[in-house]
1. Among residues belonging to region 117-135 that are in a helix (DSSP H, G or I) and touching a residue at least 40 places away in the same chain (Cβ under 8 Å), point out the one that is nearest to LEU24 (Cα to Cα).
2. When residues of region 139-151 are filtered for being of a type in the set (Lys, Arg) and part of a loop (DSSP other than H, G, I, E, B), how many remain?
3. Among the residues of region 106-116, what is the count of those that are out of contact with any helix residue (DSSP H, G or I) (no Cβ under 8 Å at 6 or more places or on another chain) and either part of a strand (DSSP E or B) or not charged (D, E, K, R) (or both)?
4. Exactly one condition in (1) at pLDDT 90 or above; (2) under 16 Å from the mean Cα position of the chain (by Cα); (3) of a type in the set (Phe, Trp, Tyr) is not met by PHE20; state its number.
5. Taking region 87-116 only, how many residues are farther than 27 Å from LYS75 by Cα and in contact (Cβ under 8 Å) with a residue 12 or more places away in the chain?
6. Which ones in region 100-140 are hydroxyl-bearing (Ser, Thr, Tyr) and surrounded by fewer than 22 Cβ atoms within 10 Å (Cβ to Cβ)?
7. Quickly run through region 152-175 and pick out the residues that are assigned to a loop (DSSP other than H, G, I, E, B) and surrounded by 15 or more Cβ atoms within 10 Å (Cβ to Cβ).
Amino acid sequence: MVKRICEFIAIFVAVLFFAFCIFLADVVTYDETYPADSCENMVVLTGGRHRISRMLHVLDTYKPANIFISGVYEKTTLKNIFGNVDVSGIHIILGKQARNTTGNALEISEWVKLNNITSIILITSDYHMKRGMLELKHQSPNLKIFPCAVKSKFNWHFLQNCAKEFYKTIYVCFKNLKE
C-alpha cells in the first residue's frame, strides 16, 4: 500500500513538473510584436513592472484608437501615466475598479461589450499573460486577443513568478470548468 502511494506521488510530481516546463516554455516564447492586421484597441493590465513603459513603447510605432488601462490606482491621472507623451486622438480609459486579474477581466469585458470591441492587444508581463488571457477569454469568449508581453529577465525571481502564475493558472482553469 505504501509503495502504491509513493508511486502515485512520484507520478503526480513528474506530471506537475512536465506541465510546469510546458508553461515555462510558453512564457519564454511570447513574441514582443503586435498584430500585423489592424487592431484599434489596446488593454494594459497594471500591477507588474514595465507594463506601462511597454505600452508607451508600442505607442511609438502603433497608434490604437482606444486604450483601456485596467487596475489603476484610484488617484492616478492620465498625466501621471503619460507625462508629456502626446496621446491626442486616442480614447483612453483608466479602469479603477479591478484589484486582481479576475477583476481586470470583468472590468475589461464590460468595456469591450459597451464599445462593441472584437479584438485587443493585451499588454502584461510574460509570466502573467496566460492567466490574463484565460480570465479575459472566460469573460469575453469571442474577443480576439493579441498578446504583447513584457519580457522578463530569466533569473530566480522570474522562475518564482512563473511558479506562482503556474499555480494560479491551474486554479483558474479548474474554477472556469466549474462555472
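The values are calculated or read from the model by the stated rules, or taken from the named source; none is laboratory data. A quick note: this is a predicted structure, and the numbers were derived from the prediction, not measured. FYI the Cβ positions are ideal-geometry reconstructions off the backbone, even for glycines, and counts take in every protein chain you see.
1. That would be TYR127.
2. The initial filter retains those residues of region 139-151 that are of a type in the set (Lys, Arg), namely 144, 151.
Add one more test, that the residue is part of a loop (DSSP other than H, G, I, E, B), and what stays is 151.
Counting residues in region 139-151 that are of a type in the set (Lys, Arg) and part of a loop (DSSP other than H, G, I, E, B) gives 1.
3. 5
4. Every condition holds for PHE20 apart from (2).
5. Of the residues in region 87-116, 0 are farther than 27 Å from LYS75 by Cα and in contact (Cβ under 8 Å) with a residue 12 or more places away in the chain.
6. Within region 100-140, THR102, SER109, THR118, SER119, SER140 qualify.
7. SER152
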